[in-house]
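Beneath this line is the structure, given in structure tokens, with notes to follow.
The values are calculated or read from the model by the stated rules, or taken from the named source; none is laboratory data. This one's a predicted model, so the numbers in the text were calculated from it and none came from an experiment. Counting neighbours? That spans all protein chains shown, and the Cβs are built from the backbone with ideal geometry, glycine included. We work out accessible area using only protein heavy atoms, side chains counted, and drop any ligands, DNA or RNA first. Shrake-Rupley method; radii C 1.70, N 1.55, O 1.52, S 1.80 Å.
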Amino acid sequence: MIIRHDNANNTVSAPKTYLASAEAAGTTVLRVKNSTGMTDGWAIQVGETGQDRSEVLLGTVPNVGTITSAATDFEHPSDNPVYFIKYNQIVFERSTTGTAGTATPMTDGTVEIQADSPYTIFDDTTGSVSYTYKTYFRNSSLAVNSTESDWI
């Protein structure tokens, strides 16, 4: 059973800047035009949601104009957008008793936000059409969670 979370709202109203220079794959220091809107430990999304090679990384701001992050998976061109978002993961929860039950996180149900797609997906290989699901966001560095979604 494929469960999906819509990524469309991940960057709505998020502070935004742009890469000041092209960045190679594997870089850990992103040069940006303005990093003053970022909070240390939050995530960044490099690229637009659904755009090929967009990715989400955890970051810190050592000084204005740079963001230190995990190594990028892809190269990114100059002027590519960088969004300051709070979370880097989505937790998929399941209830086997429908919406009257309580949703609990599934084994291996915590996944990185898949920013290069319109949706972050999880394959519940033991799922059933009678199961219901919820999701919530998680910041793996700060160990903070958002509120749960409505039932899926």
Qualifying positions in the stretch 142-152 - open to solvent by 70 Å² or more (accessible area, probe 1.4 Å) and over 13 Å from A103 (Cα atoms): L142, N145
S54, sole failed condition from (1) surrounded by fewer than 21 Cβ atoms within 10 Å (Cβ to Cβ); (2) more than 22 Å from L142 (Cα to Cα): (1)
Count of residues meeting criterion [part of a strand (DSSP E or B) and open to solvent by 40 Å² or more (accessible area, probe 1.4 Å)] in the stretch 57-71: 5
Subset of the stretch 140-152 that is in a loop (DSSP other than H, G, I, E, B) and of a type in the set (V, I, T) - its residue that is nearest to Q51 (Cα to Cα): I152
Near pairs, Cβ below 6 angstrom, 6+ apart or cross-chain, from the stretch 31-46 (small (G, A, S)) to any residue that is at pLDDT below 90 and not in a loop (DSSP other than H, G, I, E, B): S35/V61
The stretch 104-139, residues that are in contact (Cβ under 8 Å) with a residue 24 or more places away in the chain, part of a strand (DSSP E or B), out of contact with any helix residue (DSSP H, G or I) (no Cβ under 6 Å at 6 or more places or on another chain) and among the β-branched types (V, I, T): T110, T120, I121, T135
Any hit, the stretch 17-39, residues being of a type in the set (A, V, I, L, M), surrounded by 16 or more Cβ atoms within 10 Å (Cβ to Cβ) and closer than 17 Å to Q114 by Cα: no
